[in-house]
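Below: the structure, in structure tokens.
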Amino acid sequence: MPPVVPFVDLRAMNDEVRAAIFDRWTALVDGDAFVGGEEIDRFEQRWASYCGAKFAVGVGNGTDALEITLRALGIGAGDEVIVPANTFVATAEAVVHAGATPRFVDVDPETLLLDAESVAAVVGPATAAVIAVHLYGQPVDLTALGALCRSNGLALIEDAAQAHGAMWEGRRVGGFGDVGAFSFYPGKNLGAMGDAGALVTNDPALAERIRSIANHGRAMRDVRFHERLGSNSRLDAMQAAVLDVKLDHLDRWNAARRRAAHVYASLLPSDVEPVRVDERADAVHHLHVVRTAGRDGLREALRQRGISTGVHYAVPCHALTYFDTGSTEHLAVVEQAAGEILSLPMYPHLTRPDIEMVCDALARERSTA
Ligand SMILES: *Cc1c(COP(=O)(O)O)cnc(C)c1O
């Protein structure tokens, strides 16, 4: 039996763009530009300008985007990179694959995002960069973090994989840091029909290094030469076409998510609290995360009523033993939150009746708990 209210509904979005995507795909199949070519150039230019950045480089996925960023910045063995403990594992995986060490820090108790104070407390001689994760579609305080990174000579990398189009003080995220890294995994706010990712930056030399690393270390001035150790992580034309078509809909879809978040806010029972969004942020609600006591029982009760939910994330990164950070430190805020957070259904085509059903179920289960 399909869920009554699914966690995400990609089909409803794809129905709006199906015809346009098939047109572009047909043209691609009839041509020969599958890796590189016009579709990619066009999407990269549009994505850079959408993010308010000078350059965009398409890559294979969001994890590669982060790893390539670190490599292009010369960050590796012996370097520490500060990462919030509340993030998707990929943020920290990328640090390890680049040869550096993730240094996990606790998050703000209300927003559950990286905050400048926790970062400042752990900056040391080995610190090379900070990865600011705009988790759940909520921008972190880029004003405070930007100032902290500048005054300590640290690179600021934005992990914007969940925050396409989100704004901090009226400016889109991605272009604040040295590099902004995006994933276009199908379930993200801007999703491909397969794996894809991109980076944005305002630094031309960095953009060129990134492009070279993602393409076998080729020299951009003459592609016959390979001038550095690279990898293969390229955006392909089929995915670039999907992203280019969907980009026309992104703001409208994000606005629909915002409306859904407002409806939730008016209908949620009082002991189920949405995670706070900073007043300076324009969030894009990739996930709708609430906090509540008795989370696991509630989640199971919703499942029995056909309502799908998630937990982002059940185990904080610093507690994952394969990130051997040599510390057994406790991060109190994220550890407590991990037992209370619940991600409710959230997608652009979520209707008011859907949200009423979710909130009714929550209210009923809370009152019998
Ligand atoms: C999805 C995601 C990534 C990784 O992206 P992939 O395209 O799956 O490699 C990185 N960071 C965050 C916060 C994400 O949500």
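Any read-out appearing in this document is the output of simple, stated calculations on the displayed coordinates, not a laboratory observation. Predicted model only: the values in this text are computed from it and were never measured. Cβ sites come from the backbone with ideal geometry, for glycine too, and all protein chains shown count toward neighbours.
Here is how the numbers come out for the structure above:
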item	result
Gap separating the Cα centres of segment 1-78 and segment 336-369, nearest whole Å	31
Residue-wise HN-Hα coupling along segment 14-30, computed from phi with Karplus coefficients 6.51, -1.76, 1.60 (Hz; x: Gly, Pro)	5, 4, 6, 10, 3, 4, 5, 5, 4, 4, 5, 5, 4, 4, 5, 4, 7
Choice from P345, P316, P125 with maximal GNM fluctuation in the chain (Cα, 10 Å cutoff)	P125
Nitroxide proxy distance, nm - points 7 Å out along Cα→Cβ at M220 and N232	2.3
Residue with peak Gaussian network fluctuation, the chain [Cα springs, cutoff 10 Å], from G78, G165, G339	G78
Overall Cα dimensions of segment 139-204 - principal axes, largest extent first, Å	41, 24, 16
Residue order, fewest to most surrounding Cβ atoms within 10 angstrom, among Y313, Y347, Y136	Y313, Y347, Y136
GNM result for the chain, Cα springs below 10 Å: residue of R257, R305, R46 fluctuating most strongly	R305
Where labels lie 7 Å past Cα in the beta-carbon direction, separation of S266 and H249 in nm	2.6
Global form of segment 1-98, assessed from the alpha-carbon gyration tensor, a/c cut-off 1.5	oblate
Cα-based shape type of the chain, given that a ≥ b ≥ c are square roots of the gyration tensor eigenvalues and the cut on a/c is 1.5	oblate
Share antiparallel - DSSP beta bridges, the chain, percent rounded to 5	60
For segment 227-290, alpha-carbon Rg relative to the globular expectation (2.2 N^0.38 Å, N residues)	1.70
For segment 221-369: rounded, prolate or oblate by the Cα gyration tensor [a/c cutoff 1.5]	oblate
Note, ³J(HN,Hα) from phi for segment 351-360, Karplus 6.51, -1.76, 1.60, rounded to Hz, x at Gly and Pro	9, 4, x, 4, 5, 4, 5, 4, 6, 4
Listed residues V89, V35, L344: farthest to the positive end of the dipole of the chain (Cβ charges)	V35
Per-residue [θ]222 nm for the chain (sum of -39500 (n - 2.57) over DSSP H runs n ≥ 4, rounded to 500)	-13000 deg cm²/dmol
